[in-house]
Every structure is written in structure tokens, then in C-alpha cells.
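Working notes for the structure below.
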Amino acid sequence: MIQWKKWFTGPGSCCLCDAPHRASSWSAVWERVCPSCRCRLHRIDSPCCPRCGRAGIGSLCEDCLTGPGGELERNVAVLQYTAYPRELIHLYKYRGREHLARPLAEMMAERVFSAGIRAEAVTCVPLHPQRLKERGFNQSERLAQEAARHLGLPFIPTLKKVRSTPPQSKSSRWERMAMLEEAFQSSDWKRIAGRVWLVIDDVYTTGATMVECARTLKRAGAQRIYSATLAR
Ligand SMILES: [Zn+2]
Ligand SMILES: [Zn+2]
């Protein structure tokens, strides 16, 4: 009886930091996050910019009012890009903590669903083949696969990066847009055309990457394009 109870209620561990945390493995993702991690994460709910998901603003933010990007219907993000999400993404991308993809993608799927976004297929922001070789894996691809699984949608890696571009660094939104022009290509237009797409990436910085991905899908005949990122 005691064994059974233990199996049912833990003690488990936090899905982000592995600290002891009482939650069964089938609890909703936010219940599997320990209080200490929860304190260091700032979830973006409303109010946020209805176009790009920027936190703390209930109407279109300045970027969205002035910038291009009509091809991207809407971006939603789970977390404000503060120190702890930055650290988690770093651990996931560069320190071999690849299992973090699961809880992080589950948070993204939950956010997409609660925002009322109903896509028909999921894809990811691709890496240039050279960068992929250096890093060994595409962080966005794994997040997209996991998010798609949670949403019950097909994951179709249809975008390709055909031109290498420097990392985001300190360029402005406009410089980024110019740099990324025609940097992506899509294959398989038969599967793209007429569908509602969800594009996944880890972080939304200037939005230039997502807008360019949306443009590429739109050129191939996609009906509507949404995007989701872990942080914004
Ligand atoms: Zn934790
Ligand atoms: Zn905005």
C-alpha cells in the first residue's frame, strides 16, 4: 500500500532543475516545475501584444505598428526572456541538457492551445547546414517535434536555410530583415499550400526570423502562419 502511494505521488523531481519535487510524471507541466524554478520564470499571459506576444502591453507594440510582417499572423511566447530562461536555453542548446526539450515544448504547446491558435501542421526554424554541423542538432527542431506531439499535429520540417547569416547579436530589426531576405526556402509546396502552419523557435528577438519564415511559407501557398517561441 505504501509502495503504491509512493509511486502515485512521488517523491519526483522538478522537470527543469531535477530538485526533489512532489508531482507525478503525468501531472500538467507547470505542476512538475518546483516552486524555486517557478519564482524565476515570468510567464507571459495577457496583456501582451496581440501580434508578437511582447509582455506587458495590451495593444500592438511599436515594432508591430511600424514594422513589416503581415505574413505572420501572430506569435505567442511562454516566458519573458529573463536570466533563468536564458540559462535554461543555454543548458539545452550547448550543455547537453537535451531532455529539457520535453517540458519546454509542453509549455509551448499549452500556450499555443490556450491562446486559441489552431494550426494544421508544425514546422521549425531551420539551421544553415554549416551551423547544424557545428552544433550537432537543431534546438528548434526538437522543440517543434515535441510540441507537435502534444498538439496532436504532424511535424513537417519543410523550411531550409539556404544562406548563412550572422547571429542576431546587436543588429536592429530592420538590419535583420534585410540580412534574412530570401535566406529560407521551402520544399514540398504540395504539403504547404492551403494549410495553417505553426512555426517553432526557441527565442523571439527582433521577429525578423519568424517574419521571413512566414513569408517563405506564404510564397509556397500557406493559408495562415502562426509562430510560438519559448521566450520573448
Ligand atoms: Zn526546479
Ligand atoms: Zn508587437
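Those residues that are among the aromatic types (Phe, Trp, Tyr) and closer than 25 Å to residue 98 by Cβ, I need them from the stretch 136-179; list them, please.
137, 155
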Any idea which of 21, 42 is more than 21 Å from the chain's Cα centre (by Cα) and either away from ligand 2 (no atom under 16 Å from the Cβ) or at pLDDT 95 or above (or both)? 21
Leading residue by the ranking (nearest to residue 221 (Cα to Cα)) among those in the stretch 18-77 that are part of a loop (DSSP other than H, G, I, E, B), charged (D, E, K, R) and away from ligand 1 (no atom under 16 Å from the Cβ): 71
Looking at residue 194, is it buried (at least 20 other Cβ atoms within 10 Å of the Cβ) and not aliphatic (A, V, I, L, M)? no
Long-range neighbours under 8 Å by Cβ, at least six apart or interchain, first residue within 18 Å of residue 103 (Cβ to Cβ) within the stretch 35-60, second hydroxyl-bearing (Ser, Thr, Tyr) and part of a helix (DSSP H, G or I): 37/84; 40/84; 41/84
Checking residue 96 against (1) modelled with pLDDT of 95 or more; (2) assigned to a loop (DSSP other than H, G, I, E, B); (3) surrounded by fewer than 20 Cβ atoms within 10 Å (Cβ to Cβ); (4) not hydroxyl-bearing (Ser, Thr, Tyr), only one condition comes out false. Which one? (1)
Contact list please: Cβ distance under 6 Å, first residue in the stretch 129-156 and outside the structural domain of residue 197 (by TED's automatic domain parsing) and closer than 21 Å to residue 183 by Cα, second residue buried (at least 19 other Cβ atoms within 10 Å of the Cβ) and of a type outside the set (Lys, Arg), pairs at least six apart or on different chains. none
Taking residue 52, is it under 22 Å from residue 140 (Cα atoms) and within 16 Å of ligand 2 (Cβ to nearest atom)? yes
Just to be sure I understand the filter: pairs with C-beta atoms under 6 Å, separated by 6 or more residues or on different chains, first member in the stretch 164-190 and in the same structural domain as residue 203 (by TED's automatic domain parsing) and at negative phi, second member of a type in the set (A, V, I, L, M) and in a strand (DSSP E or B). Which pairs pass? 184/159; 186/159
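The values are calculated or read from the model by the stated rules, or taken from the named source; none is laboratory data. Computed from a predicted structure; not experimentally measured. Cβ atoms come from the backbone with ideal geometry, glycine included; neighbour counts cover every protein chain shown.
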